[in-house]
Amino acid sequence: MKEALFYEVMEGKIRCHLCHHHCTIAPEAAGVCRVRENRSGKLVTLSYDNVVATAVDPVEKKPLYHVLPGSKAFSFATAGCNFSCAWCQNHGISVEGGSHRGHPISPDELVAQALVTGCEVMAATYTEPTIFYELALDVARAATEAGLVNTWVTNGSLAEAPLKTLAPFLQAANVDLKGSDDTRTRKWTGMAASSVMETITRMHDLGIWVEITTLIVPGVNDFPGELEAIARFITDLDPDIPWHLSRYFPNFRCDRPATPAATMKSAHDMARAAGVRYVYAGNIDLPGGSDTLCPQCQTPVITRRGNSLREMLLTKEHHCPTCGHPIPGIFH
């Protein structure tokens, strides 16, 4: 247990300013995330010494396609989440909150494990890094000092002040943007899409490399105009931001049928036609759907099979070998 950051005391209650929920927490109660509690007028985090998962993954699995392609990422997570997605793929550790006991592993130990396993990337992932912010921040500092590329896979709920504190130690993030309509995203996740878009914009403006993932769920965010609005948001902010369109399969409390392959193909084509330069299809075998194409001449410059790098064809300057167009990202 550790004192949390970013809160204020208000007449016995506590106002947490870590995420866009800005929970007001009564004595001996917890916030939406279930892992930040008001203990005798002090906000404490139950996550700091509660690591429930570590693993070595391909960086492509995050997915981060423009961050050291072919490298390994050391992934870690604690229990809990501040969203309420019915289709959560990691519900075994994300929905149980503080009741799911893990192991105390220090930031230095996590970074040491990353180095000994040959990882070049550190990834706070699986659940939601925002709710284990204090641990993730200390890991980010240690990872950056050790020369690792520090990344988050996040729902984009982090508030402005903690993001600015983290930014010098966060090189890249994949943000899960679940829709564009505030009413629908609030209904299905507990947070408005506009709040997540604010975080994405701030990350981009702070110089963090951003990639976006959207899980396409039938009857949730596949309505006419919904995905088109996300495409417009991306192209208005920066058309070089990669967009990962991921196919949904029934999971947890959501038994809707899997996303039709035709929907995935249509969304992929729409995104490219809208001007998003790097569009990827996940959880589906769509020919060329995981390859990086030069936006100028359409030459495949990075090819992949599933979560594995097949061929890296960029020049030493990270340009297209055919036309010389620069490809953005974090490369060796």
Amide H of Ala281: which non-local residues (sequence gap of 5 or more, or other chain) have their own amide H closer than 5 Å, using H built in the peptide plane?
Leu245, Ser290
Euclidean distance between Cα centres, the range 289-303 to the range 154-179, Å
27
The chain: relative contact order from alpha carbon pairs under 8 Å, six or more residues apart, as a whole percent, is 13
Given that just one value was derived from the coordinates, which of (i) 32, 59, 9, 0; (ii) 29, 50, 20, 1; (iii) 18, 21, 19, 14, 11, 8, 5, 3, 1, 0 is P(r) over Cα pairs in 20 Å bins from 0, in percent?
(i)
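Place a +1 charge on the Cβ of each Lys and Arg in the chain and a -1 charge on the Cβ of each Asp and Glu, then give the dipole magnitude about the Cα centre in debye, rounded to the nearest 20.
Details: 29 positive and 35 negative charges, 100 e Å.
For this selection, approximately 480 debye.
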Pop the C-beta distance of Glu311 and Ala55 into the FRET formula with R0 = 22 Å and round what comes out to the nearest 0.05.
0.30
Using a Förster distance of 22 Å, how high is the FRET efficiency between Arg101 and Lys164, based on the Cβ-Cβ distance and rounded to 0.05?
0.10
Proximal lysine pairs, the chain, alpha carbons under 19 Å, eight or more residues apart or interchain
9
222 nm mean residue ellipticity, helices alone, for the chain (DSSP H n ≥ 4; -39,500 (n - 2.57); rounded to 500)
-7000 deg cm²/dmol
Given charges at Cβ of Lys, Arg, Asp, Glu: the chain dipole, positive-most of Asn38, Ser71, Ile216
Ile216
For the range 261-328, listing trypsin sites (Lys or Arg not before Pro) in a DSSP loop whose Cβ sees at most 13 other Cβ atoms within 10 Å gives Lys316
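Using a Förster distance of 41 angstrom, determine the FRET efficiency expected from the C-beta separation of Gln89 and Glu11, and round it to 0.05.
E between Gln89 and Glu11, to the nearest 0.05, is 0.55.
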Out of residues 5 or more away from Val67 or on other chains, whose amide H comes under 5 Å of its own, with H placed 1.01 Å from N in the peptide plane?
Ile330
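In debye to the nearest 20, how big a dipole does the range 2-45 give about its Cα centre with +1 on each Lys and Arg Cβ and -1 on each Asp and Glu Cβ?
On the way: 7 positive and 5 negative charges, 24 e Å.
Charge dipole of the range 2-45: 120 debye, to the nearest 20.
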Counting only DSSP beta bridges fully inside the chain, the antiparallel percentage to nearest 5 is 55
Residues in the range 230-265 near a label at His318, defined as backbone nitrogen under 19 Å from the 7 Å Cα→Cβ point?
238-244
Treat each spin label as a single point 7 Å out from the Cα along the C-beta direction, and report the Thr117 to Glu3 distance in nm.
3.3
For helix 261-274, what angle does its Cα long axis make with the longest principal axis of the chain, in degrees from 0 to 90 and rounded to 10?
80
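Bear in mind that the values in this text are calculations on the coordinates, not laboratory data. Quick caveat: nothing in here was measured; it's all calculated off a predicted structure. Cβ: placed from backbone, ideal geometry, glycine included. Neighbour counts: every protein chain shown.
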